[in-house]
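Beneath this line is the structure, given in structure tokens, with notes to follow.
Where a number appears in this text, it was derived from the coordinates with a stated rule and is not lab data. Keep in mind the model is a prediction, meaning the values are calculated, not measured. Virtual Cβ from ideal backbone geometry, glycine too; neighbours counted across all protein chains shown.
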């Protein structure tokens, strides 16, 4: 089992946390996900064939790039969409 703590951009609220947790948990091999919008961090426990790069790619596709990556307008807009989905899902 591996653990990665990834600092991300665009993490604003509980809606963002909910979307990220739900979508990362869908990935095969992911055991647990802890998202903290106050620290802008995502901590993932995983095993199997999944890699850190796979997790980073999924976060990027949701609009939450790694804090060291370029964060353009398109990614910021994606994050607002992901946030909204997290807020309306029960």
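At a glance:
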quantity	calculated
Helix 14-25 vs. the chain, principal-axis angle (Cα, 0 to 90°, nearest 10)	30
Mean separation of Cα contacts under 8 Å (6+ apart) over length of the chain, as relative contact order %	38
The chain: angle of helix 52-62 to the longest principal axis, Cα-based, in degrees nearest 10	20
Tensor-based shape of the stretch 3-50 (alpha-carbon gyration tensor, a/c under 1.5 rounded, otherwise prolate or oblate)	prolate
Spin-label zone in the stretch 15-57 - amide nitrogen under 15 Å from a point set 7 Å from the Cα of residue 87 along the C-beta vector	15-20
